[in-house]
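No lab work stands behind these numbers, since they all come straight from the coordinates. Model, not experiment: these values are computed from the prediction. So basically every Cβ, Gly included, is an ideal-geometry build from the backbone, and we count neighbours across all protein chains shown.
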Amino acid sequence: MIFSSIHKKLARNLLVSAIVIGILTGLSVTLIELRRIDRYVLKIASDDSQILSKYYLQYHNDRTDSTLTILRQAIQDKIGHDSFIFIKLLDENSQIVAKESIKEFDKTAPNVLSKFNDFNVADKSEYHNTVYFEDQLYIQAMAPIYDNHEKNIIGYFEGIYHLPDKKTVETKKQSYYSILLSIVVVVTTTVFIYPIVHNLYSKLLKRSLELIEANTNILKSLGSAIAKRDDDTNSHNYRVTILSVKLAEKIGLSRSQIRSLIKGAFLHDVGKIGISDTILLKPGKLTHAEFEIMKQHVVLGVEIVQDIDWLKDAVEVIQYHHEKMDGSGYVSGIKDKDIPINAKLFAIADVFDALTSERPYKKAFSFKTSIKIMKEDSGSHFDPELLKNFEQIAETLYTEISNLENKRQLNKQLDLLVNKYFVYFR
């Protein structure tokens, strides 16, 4: 199932990459082209300001109707050339001296001009601003006008440049062409490298799955080995793992939390390796001193797994599965909200299986009796809300799982869960 999905994943990722690269390339080309146009417009504005400067200088030195008329005529001669549709000259105090526009611009002038900001002449430098209006590109350009010695600014040239439709079409075509070319290049490259990438990815995934499977098999084997120390079967280990996972699924626990729960369920009694057989296999009731030693299996279990990266998240169950809601559990004596959710879940599954299973020192309790006993400990031993959720699925689980002693059947169900949360996790 995983390997068949590799093609889809790679194809989807590469297709998305092609589209993204194409769009980014197209945008980059468009921006570069617009910047080129901006520089072109500023160059024209600078050149035109120089051409008009001699007429403006005449007016500046002799402010008469005659010199103003000559200046306006010079502006009119420039209007329409080089795609400037509006030209305005300002004096050194930013006061309008003259302005002209082509007739076609008169209708839209108020709307277009309102889109531009006023120049800050204090900057005393060239300036430009670009806006789109009704799918048309307009560039506002400003250039200072200098005196004969080109030292002092005596006025300012302001022009509105309209990008011709032909140039707009060319710019769009160039952008579309760049996008298409980028996509073609990426797709073509993908066709050549796809088999190599797919082969490497398949091998990597296969090795990863083999490693995960090896880890989970070791986990199961270790859990079974521990169970056999104080029990003649490892069925208990299998059942409590299945029961706790089913409860976790019922309350909507995340996949990562359930993976941690499975590890903890398998290894909840791993610390019993360090408990002597005299105490561990004692047929009768343990003395107070012996029970205190038995409690240490929790501490030993934590010490065994806490330095192993892959098993660190199992600590919550190992360390706290004997804690109780009222704080009377061991070994930490924590209560209620301080107890991790996985430990609370496992405690319910562990006790339920202990009650409904036959042990050397007792017969199995019936389902109703087991639930009754557990409800009596609701709030003191078990989390009330979790226990209510467990009650809703308990009878079905009891029928399907608790009566199973056949190792092969239990192992099959357990493998399904392990595959679901480890082998096939994404």
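Laid out as a table, the results:
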quantity: Ratio Rg/Rh [Cα only; Rh per Kirkwood] for the chain; calculated: 1.40
quantity: Which listed pairs, of K9/K388; K285/K312; K220/K362, have C-alpha distances above 30 Å, in listed order; calculated: K9/K388; K285/K312
quantity: q = 0.09, 0.11, 0.17 Å⁻¹: log10 I(q)/I(0) that the Debye formula gives for segment 231-423, counting C-alpha atoms only; calculated: -0.31, -0.47, -1.25
quantity: J(HN,Hα) series, segment 30-35, from Karplus relation 6.51 cos²θ - 1.76 cosθ + 1.60, nearest Hz, glycine and proline x; calculated: 4, 5, 4, 5, 5, 5
quantity: Per-residue HN-Hα couplings for segment 362-371 [Karplus 6.51, -1.76, 1.60; θ = phi - 60°; Hz; x = Gly/Pro]; calculated: 7, 8, 6, 7, 5, 4, 4, 5, 4, 5
quantity: FRET efficiency estimate (nearest 0.05) - Cβ-Cβ, K43 to D135, R0 25 angstrom; calculated: 0.50
quantity: Packing-based order for 277-290, 152-165, 300-313, using average beta carbon neighbours within 10 Å, highest first; calculated: 152-165, 300-313, 277-290
